[in-house]
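The values are calculated or read from the model by the stated rules, or taken from the named source; none is laboratory data. The model shown is predicted, which means the values in this text are computed figures rather than measured ones. As a convention, Cβ positions derive from the backbone with ideal geometry for all residues, glycine included, and neighbour counts pool all protein chains shown. Ligands, DNA and RNA are excluded from the accessible area calculation, which covers all protein heavy atoms including side chains. Shrake-Rupley method; radii C 1.70, N 1.55, O 1.52, S 1.80 Å.
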Amino acid sequence: MGLAVKHCLVVDDSRVVRKVARKILEELKFEISEAEDGLIALTACRGAMPDAILLDWNMPNMSGIEFLRALRQEDGGDRPVVVFCTTENDISFITQAIEAGANEYIMKPFDREIIEAKFAEAGLV
Amino acid sequence: MTPADFDFVAQMLKRRSGLVLSTDKLYLLESRIGPVARKHGLGGLDAVVAKLKANDEALARDVTEAMTTNESFFFRDKTPFDHFEKLMLPAMLKARAATKRLRIWCAAASTGQEPYSLAMILREKSALVKDWRVEIIGTDLSNDVLSRAKAGLYTQFEVQRGLPVQLMVKYFTKEREQWKIKDDIRSMVQYRQMNLLDSYVGLGTFDIIYCRNVLIYFDEATKRGILERMAQLLPEDGYLLLGAAETVVGITNVFTPLAGAQGVSVKPAKAQPKANVA
């Protein structure tokens, strides 16, 4: 079996966050695509399911939690490992995310070490 | 700092804690002594050394603690905890079925992440250890880190390093911007201040000893002394866990690495005479 490059979709309405996440994840050998809200991300996933999704919570058009619930209903939507990455850090939010099918949860601010640790726990690196 | 002053501090640290401070660690000394100097109202490293030479016991203790405090995080390196869950705990559940007693020593407990990680695993397996008396003892040289361990309060950054989110929401509560480990996990661990160079009398015996990422700071004779005294606290079927960069090989033959289980050492079985062959 070859070492296929893993694809990660970064979903965040902040261009700066997407840029920082892209840099970190590219260093971890991921191929990156970006989406600025849940709706765009859902369309992208219907085209090709990524291996991993780094997901913000608060975004226009469709929030991260709405996106995740919709994703898990899609054909093959159970496959991507979803890691929330958000400023929402109350247990009630984290619990909602887990119940909706999130695999891991990062509370912003984040750095390379935290992303690498969480992706490792999720079996991605 | 003059070479003579560095030697003075290095010798003091060696004497008090066993820590071997090589000259390439001058940066570590400079970065860690700053907060201690401020606490004692001293202007810098030179003033600290001058006070140490005047036998300031409180300062010497604080400098030693600052230099020997090491970072820790939950489920650090993962493998030692997988070994606990899948190898050592099942073996001990069988071997101690009659007494239903299990004692674990975390010999460099630092701020508590290692003993609490073990406690969380045990809580997850609570059906298996129902009616068992399980004790986890965490020791460290530093009173400061043990106070933090006892409080069980961690920053957002600390709970995100190594701790799976499912365990975080299950075993922690949020207190303002910090995360507090729940009392039922906290109460599973007892902490004691202890210098690994001192006597282990009074600790009792253990089934499993975690002594990770601490021996690397000691010279060979000190490592041997610690390992041989730890061996006296372990029964023949006990386990010793060392850090990823540590080994018993070439240090002592009271332990031997357990094949196929990285970081785990056991006592050489009497039935395996080849274990002592160099």
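For B:F172, indicate whether it is surrounded by 15 or more Cβ atoms within 10 Å (Cβ to Cβ), among the aromatic types (F, W, Y), farther than 30 Å from A:F84 by Cβ and over 15 Å from the mean Cα position of the chain (by Cα).
Numbers: surrounded by 15 or more Cβ atoms within 10 Å (Cβ to Cβ): yes; among the aromatic types (F, W, Y): yes; farther than 30 Å from A:F84 by Cβ: no; over 15 Å from the mean Cα position of the chain (by Cα): yes.
Criteria not met by B:F172.
Filter region A:68-112 for residues that are small (G, A, S) and within 11 Å of chain B (Cβ to nearest Cβ); which is nearest to B:Q178 (Cα to Cα)?
Filtering region A:68-112 down to residues small (G, A, S) leaves A:70, A:76-77, A:92, A:97, A:100-102.
Among the residues that remain, those that are also within 11 Å of chain B (Cβ to nearest Cβ) are: A:92, A:97, A:102.
Numbers: A:S92: 15, A:A97: 20, A:A102: 22 Å.
It comes out as A:S92.
Exactly one condition in (1) open to solvent by 50 Å² or more (accessible area, probe 1.4 Å); (2) farther than 28 Å from B:M120 by Cβ; (3) of a type in the set (G, A, S) is false for B:S187; which is it?
Every condition holds for B:S187 apart from (2).
Has region B:245-254 got any residue that is open to solvent by 20 Å² or more (accessible area, probe 1.4 Å), more than 19 Å from B:T79 (Cβ to Cβ) and not in a loop (DSSP other than H, G, I, E, B)?
no
Given B:L196, B:L234, B:L242, B:L203, which one is farther than 24 Å from B:K86 by Cβ, in contact (Cβ under 8 Å) with a residue 12 or more places away in the chain and buried (at least 20 other Cβ atoms within 10 Å of the Cβ)?
On inspection, the qualifying residue turns out to be B:L196.
Being more than 23 Å from B:Q113 (Cα to Cα), at pLDDT below 90 and touching a helix residue (DSSP H, G or I) at 6+ places or on another chain (Cβ under 7 Å): is that true of B:V48 here?
no
Tell me which of these B:L89 doesn't satisfy, since it passes every other one: (1) closer than 22 Å to B:A261 by Cβ; (2) in contact (Cβ under 8 Å) with a residue 60 or more places away in the chain.
Only one criterion in (1) closer than 22 Å to B:A261 by Cβ; (2) in contact (Cβ under 8 Å) with a residue 60 or more places away in the chain is unmet by B:L89, namely (2).
For the structure I just gave you, tell me whether B:L241 is under 26 Å from B:A95 (Cβ atoms) and touching a Pro at 6+ places or on another chain (Cβ under 6 Å).
Yes: the conditions hold for B:L241.
Within region B:145-169, how many residues are within 14 Å of chain A (Cβ to nearest Cβ), open to solvent by 30 Å² or more (accessible area, probe 1.4 Å) and farther than 21 Å from B:E124 by Cβ?
Summing the residues that are within 14 Å of chain A (Cβ to nearest Cβ), open to solvent by 30 Å² or more (accessible area, probe 1.4 Å) and farther than 21 Å from B:E124 by Cβ in region B:145-169 gives 2.
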